[in-house]
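*Asks:* Following this message is one structure expressed as structure tokens.
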Amino acid sequence: MGASDPILPEAEASDVENWAFAANQWIAWTRTENHDAYWAYERAFGGFVGQGRGAGIDLGAGEGRVSRTLSQLGWRMTLVEPVAALLSAAKAAGSGHAYIAAKADAVPCEARAFDLVLLYNVLMDVDDLNGTAQEAARLCHPEGRVIVGLVHPILDVVHGLENGPLDPPCFTAHKVAETFTRGGLDMRFAGWRRPMSDYVAALSDAGLAITAMAEPAPDPDHPKTATLTHGATLPVFLWLEARPMGPSA
């Protein structure tokens, strides 16, 4: 191990520590052509969100791939990311119009300032689920939307069928960390396995009502689709749209 190599986090490391360790892995994983699953769903995600000319904010933006998609659709994106290497990569790629080094549960922006608040595959990774949902609600304009992306929980069921019962089971939240190797690239995913009820409760408690849901199929014309293990038969992602509840909701 070289002097500048990251040190593997301890089991109880924070979400920021885990992603700081995996930052360079993630940049390579998502930017290697036709490697990451997102690219087979990018067109569908653009359709789910839609064209926009308003202000958007991407909480836990990573290296900026989803903000780049939304920027191309006309949204004026602000990227929020606590890991310096990821934020720097996002900025270098021109992923949005503004960049903020901060955690998703503590953003130095005015309340109700954004027409679109994005939490793409973030609620699975953050330690403070409720605080992150509350911050998303705080930032969202009363007529705006919060867009949530998740890896579909059905994949946990598939994992159990293929590899034996999940231990611990999915009824309660618990930390997970696993390194995947594919196409010559390693990626350590560390975060939380949470039941769907935790996500729904966090959004509801933050004053957000789920108004739309999608279980997208991959783009049949994308080269990545042919390599997806379950994409042709099972939903890989779950997308939610939530809106601020009115005072009488």
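The values are calculated or read from the model by the stated rules, or taken from the named source; none is laboratory data. Predicted, not measured: the structure shown is a model, and the values here were computed from it. Every residue, glycine among them, receives a Cβ derived from its backbone with ideal geometry; neighbour counts consider all protein chains shown. With ligands, DNA and RNA removed, areas are computed over all heavy atoms of the protein, side chains included. Shrake-Rupley method; radii C 1.70, N 1.55, O 1.52, S 1.80 Å.
*Asks:* What percent does the relative contact order of the chain come to when contacts are Cα pairs within less than 8 Å and at least six residues apart? Can you show the working numbers first?
*Replies:* Numbers: 467 pairs, mean separation 49.3, N = 249.
In percent, rounded to a whole number, it is 20.
*Asks:* Now a separate question. Please find the FRET efficiency linking Phe171 to Arg53, where r is the Cβ-Cβ separation and R0 is fixed at 41 Å, and quote it to the nearest 0.05.
*Replies:* Working: r = 43 Å, r/R0 = 1.05.
Result of the calculation: an efficiency of 0.40.
*Asks:* Right, next: Name the helices (complete DSSP H segments) of the chain with a Cα length along the long axis of 15 Å or more and a Kyte-Doolittle mean of at least -1.0, or state none.
*Replies:* On the way: long enough: 15-31 (22 Å, -0.39); 129-139 (16 Å, -0.28).
Both cut-offs are met by 15-31, 129-139.
*Asks:* Residues in region 47-69 near a label at Ala106, defined as backbone nitrogen under 20 Å from the 7 Å Cα→Cβ point?
*Replies:* Residues 58-62 qualify, since their backbone N sits under 20 Å from the label point.
*Asks:* Please list, or write none, the lysines whose alpha carbon is within less than 20 Å of the alpha carbon of Lys103, excluding same-chain residues fewer than 8 places away.
*Replies:* Within the straight-line limit of under 20 Å, Lys103 reaches these lysines: Lys91, Lys175.
*Asks:* Over the Cα atoms of region 1-74, Rg to Rh with Kirkwood Rh, two decimal places?
*Replies:* Numbers: Rg = 15.6 Å, Rh = 14.5 Å.
That ratio equals 1.07.
*Asks:* With all protein chains present, calculate the accessible area of Lys175 using a 1.4 Å probe and round the result to the nearest 10 Å².
*Replies:* The accessible area of Lys175 comes to roughly 60 Å².
*Asks:* Would you mind calculating the relative contact order of region 168-215 from Cα pairs under 8 angstrom and at least 6 residues apart, reporting the percent as a whole number?
*Replies:* 31
*Asks:* Now for a separate question. For a quick size check, give me the Cα extents of region 188-234 along its three principal axes, largest first, whole Å.
*Replies:* Taking max minus min along each principal axis of the Cα atoms, region 188-234 gives 40, 29, 15 Å.
*Asks:* I would also like to ask the following. Just to confirm the filter: which GluC sites (Glu not before Pro) across region 1-72 are DSSP coil and have at most 16 other Cβ within 10 angstrom of their Cβ? Working shown, then result.
*Replies:* Numbers: sites: Glu10, Glu12, Glu17, Glu33, Glu42, Glu63; in loops: Glu10, Glu12, Glu33, Glu63.
The qualifying sites are Glu10, Glu12, Glu33.
*Asks:* While we're looking at this one, here's another question. Using a 1.4 angstrom probe on the protein heavy atoms only, could you order Ile57, Ile154, Ile7, Ile100 from most to least accessible area?
*Replies:* Largest to smallest exposure gives the sequence Ile7, Ile154, Ile100, Ile57.
*Asks:* Based on alpha-carbon centroids, what's the gap between region 177-207 and region 91-163 in Å, whole number please?
*Replies:* Spelled out, the Cα-based centre of one part sits 12 Å from the other.
*Asks:* Using packing as a proxy for protection, rank 205-214, 180-189, 111-120 so that the peptide with the highest average count of other Cβ atoms within 10 Å comes first.
*Replies:* Values: 205-214: 15.8, 180-189: 12.9, 111-120: 21.5.
Result, highest mean Cβ count within 10 Å first: 111-120, 205-214, 180-189.
*Asks:* Starting from a Cα-only point model with no solvent, please compute log10 I(q)/I(0) by Debye for the chain at q = 0.14, 0.15, 0.16 1/Å.
*Replies:* These q points yield log10 I(q)/I(0) values of -0.97, -1.13, -1.31.
*Asks:* Report the net charge of residues surrounding Thr32, where surrounding means a beta-carbon distance below 11 angstrom and charges are Lys +1, Arg +1, Asp -1, Glu -1. Walk me through the numbers on the way to the answer.
*Replies:* On the way: positive: Arg31, Arg182, Lys224; negative: Glu33, Asp36.
Net local charge, Thr32 excluded: +1.
*Asks:* What number in nm² do you get for region 19-163 if you take the convex hull of its Cα atoms and divide its surface by four? Please list the in-between numbers first.
*Replies:* Details: hull surface 36.3 nm².
Average projection, Cα convex hull of region 19-163: 9.1 nm².
*Asks:* To check you understand DSSP bridge types, tell me what percent of the beta bridges within the chain (both residues inside) are antiparallel, rounded to 5.
*Replies:* Details: 21 of 38 bridges.
Given both bridge residues lie in the chain, the antiparallel proportion sits at roughly 55 percent.
*Asks:* Multiply the residue separation of Asp219 and Glu12 by 0.36 nm, subtract the distance between their alpha-carbon atoms, and state the gained length in nm to one decimal. Don't skip to the end; give the middle numbers.
*Replies:* Values: separation 207, 0.36 × 207 = 74.52 nm, distance 3.75 nm.
Stretched fully, the Asp219-Glu12 segment lengthens by 70.8 nm.
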